[in-house]
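One structure below.
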Amino acid sequence: MEPEEPEPEADAPAGPELEKEIEIGASIEKVWEALTDGEAIESWMSSGEVEIDPRPGGSYRFFGGETTGVFTRVIRPHALEYTWRQAGWASDWPDSVVAWDLRPQGDDATRVHLRHTAFPNETEAASHDAGWDEYFLTPMQSWLEG
């Protein structure tokens, strides 16, 4: 039985947000691994040390510690959510929130929906809009489909 689509967060944090959606030519399990396994992430991200403990309350460090956060929701292999903080952000800025929703498209493709909410300002949202494509979605898709 297919899990139900997650309900949008009624109390989603305020602030600018962005959404992205792509289809990747790989099984949902392979996409899940690419998002949650440290060695897999290091293979496609190619941008420094990765530390990851993908369980509620577990933490991560991407880009050599430039980006950090804590996992708040982990439902294998469909939903992943975590806080997101850039090292250069002002100390009074709250963490933003990243949510991934994965849905199989047949046996060998996956719809990947990314929602990043609660940016501290529009400048950060615009910067991350391009960054998600350049540093996450495009390299991960190339690695999985390569």
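Highest mobility in the GNM of the chain, judged by mean-square fluctuation with C-alpha springs under 10 Å and restricted to Ser27, Ser59, Ser127, is found for Ser127.
Cα centroid separation, the stretch 99-143 to the stretch 26-59: 14 Å.
What is the Cα convex hull volume of the stretch 27-98 when expressed per residue in Å³? Please list the in-between numbers first.
Values: hull volume 5.5 nm³, N = 72.
Given the Cα convex hull of the stretch 27-98, per-residue volume reads 76 Å³.
Could you work out the local net charge near Glu42, counting Lys and Arg as +1, Asp and Glu as -1, over the other residues with Cβ closer than 11 Å to its Cβ? Working shown, then result.
Working: positive: none; negative: Asp37, Glu39, Glu49, Glu51.
My count for the surroundings of Glu42 gives -4.
Sorted fewest first by neighbouring Cβ atoms within 10 angstrom, Arg61, Arg55 come out as Arg55, Arg61. Under 18 Å from a point 7 Å along the Cα-to-Cβ line of Gln105: which residues of the stretch 15-30 have their amide N that close? Backbone N within reach: 19-30.
Kindly give Rg over Rh for the stretch 59-109, based on alpha-carbon atoms, with the Kirkwood expression for the hydrodynamic radius. Intermediate values should be presented prior to the final figure.
Details: Rg = 13.8 Å, Rh = 12.4 Å.
So for the stretch 59-109, dividing Rg by the Kirkwood Rh gives 1.11.
Measuring how big the stretch 65-146 is from its alpha-carbon positions, Rg and Dmax come out at 14.0, 45 Å. Could I get the Rg over Rh figure for the stretch 2-139? Both from C-alpha atoms, Rh via Kirkwood, rounded to two places. Rg/Rh: 0.94.
Laboratory data are not the source of any read-out in this text; all were calculated from the coordinates shown. Remember, it's a predicted structure, so these values are computed and weren't measured experimentally. Neighbour counts are summed over all protein chains in view; Cβ atoms, including those assigned to glycine, are modelled from backbone coordinates with ideal geometry.
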